[in-house]
């Protein structure tokens, strides 16, 4: 009887099956194909003689330009994440602790409002602000504060500004849920025991909100390093990132193998950083289960 | 009697069924009627080109040849063709610029030449349209030169070399060379201007270094907007990108530099695996017809490849419509360029990074 019970298929498994199939079909299969293409000399579907090769990876390692592109991509991702966290955390804390329902609703609307517009439109809006003939430069020139336009576009700073604007809502919404679940009485208890509000925040609220910081940062980092539209429009092709390079290899060089190798490198770097970040935060917060 | 009456009565169910059938029939009728028509799959640009092709040129071809034209205007085309089967390619006719056509021919994705016996209008094209620098046939060309703002007091611009003048610092415009035909053609021009010829890459790289600071874009539409908004004052552009704003009182003008203008060809090729070869050749021939060439040229400001086309005076004055004007065109050796594209891309990406 007990044997029969243990071998009976779990009803829940049937519910998981469609999503598991979907995941396998649209996640593991494409990544597997990408990994395969990155070590082949051509596309086996349309080319008769295809062999295994390491030349795509060799090209990447042999030319420091590609390593610079990888580092630029990671740097933009990290800076975007840190700025989004710095802006998003106070806002999320305010949203989580505000007593007024109307105030909470207004803050939520303010955070969500930018997400109602497409990324392309928002990036073009930044271009109208940051370009040489844009609002910022023209205002400063008309006030006599500058003689020549400031270089606000076609820089990493311009890209980070655009990306932060797009991804801050992801950080805020992730953090709000976590901070909202922290019992306020813990902070009150700390203050009753003599801690200042700042110390109570640093030693109670901040460590307890680390899972939210981790989740929000990973989300923003992953989105920032894979962004294409904003870096291309605000960077004006003068800041090369991995997604732009991958697109260039496919659309203009028709080199699918090298594009696949670049994609695999982007994936591996992301995974390594996620694991490292996870471990570091786990150690800091003492939450060993995160590892 | 009762049965007969009952069967002829219009019930709600019958009414809904009949309405639904009629609705589906009405929507599906054109598709059903054309289901047997052969379909020719082509590529084509959007914008004004796409509009007139959809409204006039395409339907006229469909009507004459009893077929359906299916156009893909979502660039880039070549990676899609590259990913499709050689025996059942995604396109029958590939329309794109010359550099990509050469890449496609090298990969065996398109036939290198068009058969003049199957495309009689080929006999009437200017030599450049079927020269050894062209895969397939060029049906139109634009002239790549300089676009300038006329309201900035720059004076008379006559040479490519004026783009290097320091007074244009921060106001000059160019292209992302790895992805743009104009940028690639301009790189070759730099070799001619400052070195031993088109293939003098070292001279071209040195010249490109000296062009900084420069605003670069990936496609000509973006450059047109930069010039119109005053973000750039002098830039590399094709004549169509300036002339298409004719009559709108824009403070912009096209300069054909004294050293010559570069050719930006609109090229048609046929895919080897196409099952619609006869129709594909008919389409290429149709696109070279004088009346089709005239209509398209006067809409998008492209210079027609057919020598027999007579444009209205306004267009004739500006476009390349005589053998003398056409002789000023400089064609790029794309086969040579594509063989070195990876090396060139790596170098220019380094030159233009911030």
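Some values worked out for this structure:
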quantity: Of all DSSP beta bridges in chain B, antiparallel share, percent nearest 5; calculated: 65
quantity: Listed residues B:118, B:296, B:146, most fluctuating in chain B (Gaussian network, C-alpha, under 10 Å); calculated: B:118
quantity: Centre separation in Å (Cα based) which lies between the range A:10-44 and the range A:88-160; calculated: 38
quantity: Part-to-part distance (alpha-carbon centres) for the range A:161-236 and the range A:56-84, which is given in Å; calculated: 25
quantity: Value of [θ]222 nm, deg cm²/dmol, for chain A, DSSP H segments ≥ 4, -39500 (n - 2.57) each, nearest 500; calculated: -22500 deg cm²/dmol
quantity: Exposure proxy ranking, count of Cβ atoms within 10 Å, fewest first, for A:229, B:236; calculated: A:229, B:236
quantity: Surface/4 estimate of mean projected area, convex hull on alpha-carbon atoms of the range A:173-291, nm²; calculated: 9.9
quantity: Peptide ranges B:67-74, B:325-332 listed from the most packed, as the mean C-beta count within 10 angstrom indicates; calculated: B:325-332, B:67-74
quantity: The protein assembly as shown: antiparallel DSSP beta bridges as a percent of all, rounded to 5; calculated: 65
quantity: Per-residue mean of C-beta atoms belonging to partner chains within 10 Å, peptide A:236-245; calculated: 5
quantity: Sequence-separation-based contact order of the range A:64-290, relative, with Cα cut under 8 Å and 6+ spacing, percent; calculated: 28
quantity: Stokes-Einstein D for the range B:253-311, Kirkwood Rh over Cα pairs, 25 °C, 0.890 mPa s (µm²/s); calculated: 180
quantity: Test item: A:248-258 mean partner chain Cβ contacts at 10 Å; calculated: 6
quantity: Residue among B:64, B:231, B:162 with the largest mean-square fluctuation in a Gaussian network model of chain B, springs linking Cα atoms under 10 Å; calculated: B:64
quantity: Exercise: per-residue mean of other protein chain Cβ atoms within 10 Å, B:344-351; calculated: 3
quantity: Separation of alpha-carbon centers, the range A:250-265 and the range B:147-175, rounded to whole Å; calculated: 36
quantity: Enclosed volume per residue, in Å³, of the convex hull spanned by Cα atoms of chain A; calculated: 246
quantity: Cα-based equivalent ellipsoid, the range B:229-354: semi-axes from gyration tensor eigenvalues, Å; calculated: 28, 26, 14
quantity: Orientation-averaged projected area, Cα convex hull of the protein assembly as shown (nm²); calculated: 47.3
quantity: Relative contact order %, chain B, counting alpha carbon pairs below 8 Å whose residues are six or more apart; calculated: 24
quantity: Helix B:290-300 axis, angle to chain B major axis (alpha carbon atoms, nearest 10°); calculated: 70
quantity: Listed residues B:164, B:334, B:301, most fluctuating in chain B (Gaussian network, C-alpha, under 10 Å); calculated: B:164
quantity: Computed [θ] at 222 nm, helices only, for chain B once each DSSP H run of length n ≥ 4 contributes -39500 (n - 2.57); calculated: -12000 deg cm²/dmol
quantity: Crossing angle, helix B:201-210 versus chain B [Cα axis fit, 0-90 degrees, rounded to tens]; calculated: 80
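Every number in this text was worked out from the coordinates using simple rules, so none of it is lab data. Keep in mind that this is a model prediction, so the values were computed, not measured. Positions of Cβ are generated from backbone atoms using ideal geometry, with glycine treated the same way; all protein chains shown enter the neighbour counts.
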